[in-house]
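Scroll down for the structure; my scribbles are underneath it.
The values are calculated or read from the model by the stated rules, or taken from the named source; none is laboratory data. This one's a predicted model, so the numbers in the text were calculated from it and none came from an experiment. Cβ placement follows ideal geometry from the backbone for every residue including glycine, while neighbour counts extend to all protein chains displayed. Heavy atoms of the whole protein, side chains included, go into the accessibility calculation; ligands, DNA and RNA do not. Shrake-Rupley method; radii C 1.70, N 1.55, O 1.52, S 1.80 Å.
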Amino acid sequence: MGDIFGGKLTGGIFAVIGLIVSVIMVGILAGPFGGLVSYFSPAAEDAEGNRFARAYVGVSGNTEPGRCQINTDTNRAGGSGLGLTGTAGALPTISPATGFVAANCDNAVGAVSSIYNEQGAVIGETDDAGVGTITTGIVWKQPPAAFSQLNFLNRILATLLALVAAIGLIMKTKSAYDSFSQGGFGDLGKTVMVEVTTLVLAVVAVNLAPTTLNILAGTAQTYTSGQYDFNFVGLILKIVFAIVPTMLLIGIMGLISGMQVQKAAISGVGNLAGRARGFAGGGRRRMGMMYGR
């Protein structure tokens with residue numbers, strides 16, 4: 001009985017806490033996940049480089065959002081909303097063009113209302129009939145040409161981020177339980193620190209990924225567009241720049257699923273450093289013996 005109430009039960013409580021923290025993390029990352037998926041597909045882009053592909057009208061408070069609505073307090077949509085479409089470089093339009101009317105959505109818009117994207121940002125306005133107009137300054141963009149060689153793979157990886165996050169929920173919960181059951185509060189504290197660090201790094205990485213990709217795309221365009229003649233290395237540069245987004249997405253997956261890769265790398269570096277110190281110390285001892293010291 002003591003083991004049940006002193007170890008397993010308490011470990012289970014901390015596992016539930018770990019699950020709650022993980023669920024919060026996945027909720028925070030939902031919007032940035034969608035932005036990454038949109039980055040590798042035709043999508044609308046605002047002046048800050050945020051990409052999106054859907055449109056909603058807003059509700060607030062305790063109102064349950066319909067299929068074409070998003071609750072602006074909880075940032076939770078009730079369905080897929082209306083899609084955006086357009087021509088590269090032009091102002092996007094809402095599809096179907098009739099907009100937020102009863103034929104397309106659960107509820108028709110009967111007054112002027114703001115239009116929101118899937119991240120909850122205002123992107124336009126409807127008229128009394130529910131027909132929407134997207135704000136000037138938002139343009140329709142194709143995926144960067146510099147990433148085209150592996151764009152299909154990047155789109156798959158970006159879509160898989162949500163699945164990886166869900167699997168990470170299970171692994172983090174088990175990790176919290178095992179840490180407490182086997183090592184008590186000491187090991188649990190280490191696990192909590194790792195999870196908090198994972199959360200912070202994952203949120204930063206996912207949110208900064210579009211900005212990083214925009215900078216990379218601009219640099220890649222300079223090197224691969226033919227503006228400068230790099231002769232035979234031009235093809236190699238195209239391959240290198242195309243691989244970087246793939247490696248970035250794989251790295252984000254590692255952060256979201258856990259820090260096992262990072263911990264293994266740190267452990268490997270530590271072991272290597274220890275061997276180097278041992279080798280250096282042994283060398284000094286051998287030199288001392290050689291010269292009688």
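Taking the stretch 76-103 as the range and being surrounded by 15 or more Cβ atoms within 10 Å (Cβ to Cβ) and in contact with a Leu (Cβ under 9 Å, 6 or more places away or on another chain) as the test, the residues that pass are P92, T93, I94, G99, F100. Among all residues of the stretch 143-151, there is at least one that is assigned to a loop (DSSP other than H, G, I, E, B), within 26 Å of L248 (Cα to Cα), open to solvent by 20 Å² or more (accessible area, probe 1.4 Å) and of a type outside the set (A, V, I, L, M, F, W, C). Put simply, of E118, E125 the only residue that is charged (D, E, K, R) and closer than 26 Å to I256 by Cβ is E118. Of the residues in the stretch 261-277, none is under 27 Å from F152 (Cβ atoms), in a helix (DSSP H, G or I) and at pLDDT 60 or above. Within the stretch 158-174, take every residue that is open to solvent by less than 70 Å² (accessible area, probe 1.4 Å) and either among the β-branched types (V, I, T) or farther than 23 Å from V23 by Cβ (or both) and give me the one that is modelled with the highest pLDDT. My answer is V164. Looking across D106, D73, one residue alone is surrounded by fewer than 16 Cβ atoms within 10 Å (Cβ to Cβ), at pLDDT 90 or above and among the charged types (D, E, K, R). It is D73.
Among the residues of the stretch 110-134, those identified as open to solvent by 20 Å² or more (accessible area, probe 1.4 Å) and among the aliphatic types (A, V, I, L, M) are A111, V112, A121, V122, A129, V131. Here the stretch 36-50 is the region considered, the condition is being among the small types (G, A, S) and assigned to a loop (DSSP other than H, G, I, E, B), and the residue that is modelled with the lowest pLDDT is G49.
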